[in-house]
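The values are calculated or read from the model by the stated rules, or taken from the named source; none is laboratory data. On a predicted model such as this, the values are computed, not experimentally measured, just so you know. We place every Cβ from the backbone using ideal geometry, glycine too, and count neighbours over all the protein chains shown. Ligands, DNA and RNA are excluded from the accessible area calculation, which covers all protein heavy atoms including side chains. Shrake-Rupley method; radii C 1.70, N 1.55, O 1.52, S 1.80 Å.
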Amino acid sequence: MTVGTGDPFGKRGRYPLRLRRNPVPWERQRPTWREAKPGLIADALKRALARPSGNWYVVGAARDIRPGRPHGRTVAGTEVVLWRDAEGRLRAGPGACPHLGAPLKDSPVRCGTLICHWHGLALDGEPFAGWEPFPAYDDGVLAWVRLDRAGGEEPSERPVLPARPDPATAVAAVYTGVGTCEPDDVVANRLDPWHGAWFHPYSFVDLTVVNTPEGEGADAAERDGFAVDVSFKVAGRAVVPVRAVFTAPEPRTVVMHIMEGEGRGSVVETHATPLGTDARGRPRTAVVEAVVAASDRPGFAVARAAAPVLRPLMRAAAGRLWRDDLAYAERRWTLRSTGRFPG
Ligand code: FES
Ligand SMILES: [Fe+2]
């Protein structure tokens, strides 16, 4: 479905900030539920789930895995330890020592070698004493691990990575949250762009879905995804209008590309990683969201210099949205798991 729009972006974002002329109160905005057809979202989800992942799972922010310290995580029910070798490369493998099962996440790393703190078994990342490494990948923003047994798909050399802005001119921040749901619930939330201005009125206003994957969009990216015209709220009536396109390049990732407006070229990648089950047997899923912000505005060079300050702010913005979006995903899981999901 495509609807016509004017030019809400002005002269290609030269004056990014707009004042909303006649702000519509929340309760008087156009309801979106008729357009947000459950079948449309379900079909988009089904298409996403049919795409190959190569068995790669996002573990977290690459910068959180620092030299000299191991990082432990349970991913898809598999205990995983990650660390950096002497060259700074990412290494990964089972989190239990092959000798008597010590938790390797608590073992020290010396000169890039992980040394078990129970009896001193040393792992340099290569197979040893029955310990078989997992392929790991650092894409510059996120750390990934490949779990072939858990994934059960044809393995691939590298994870499916969305196009990102040039890291030299971008600022990246990573937010992580955990909820009681499955990755599908997180992906389904992201493939419902219609909830934005209703559910997150503190962040989004004037949202129109201008293209759905069924429709004939202006280009391939739009034909494949949901295109949305939306304004980010800055303060009071001040907003930044953008056009964003949502696509799912693989079954656990939804990417939002900013196509027009301030920050054109920026991406927000939402990755859903199954962790395991809690004590009550309910699934736990991590949401790892990478915001890679780009801008061709000269002021952005200043913003890059301020990246250490900006990162926590970008994380906090994502954190607020994800508190609500995780509630949506958890609710979806609760209804699904009790046979009460509509449609
Ligand atoms: S348990 Fe690790 S060396 Fe013994
Ligand atoms: Fe949302």
query: Is there a residue being under 15 Å from the mean Cα position of the chain (by Cα), β-branched (Val, Ile, Thr) and crowded, with 21+ Cβ neighbours inside 10 Å anywhere in segment 199-214?
result: no
- prompt: Can Val178 be described as of a type in the set (Val, Ile, Thr) and open to solvent by less than 20 Å² (accessible area, probe 1.4 Å)?
  reply: no
message: It is to be established whether one or more residues within segment 261-270 are of a type outside the set (A, V, I, L, M, F, W, C), under 19 Å from the mean Cα position of the chain (by Cα) and modelled with pLDDT of 90 or more.
response: yes
- request: For residues that are small (Gly, Ala, Ser) and open to solvent by 60 Å² or more (accessible area, probe 1.4 Å), scanning just segment 135-153, find the one that is farthest from ligand 1 (Cβ to nearest atom).
  value: Gly140
query: Which condition number in (1) in contact (Cβ under 8 Å) with a residue 24 or more places away in the chain; (2) touching a Pro at 6+ places or on another chain (Cβ under 7 Å) is the one that Thr113 fails?
result: (2)
task: List the number of the failed condition for Glu132; all other conditions in (1) within 16 Å of ligand 1 (Cβ to nearest atom); (2) open to solvent by less than 70 Å² (accessible area, probe 1.4 Å) hold.
output: (2)
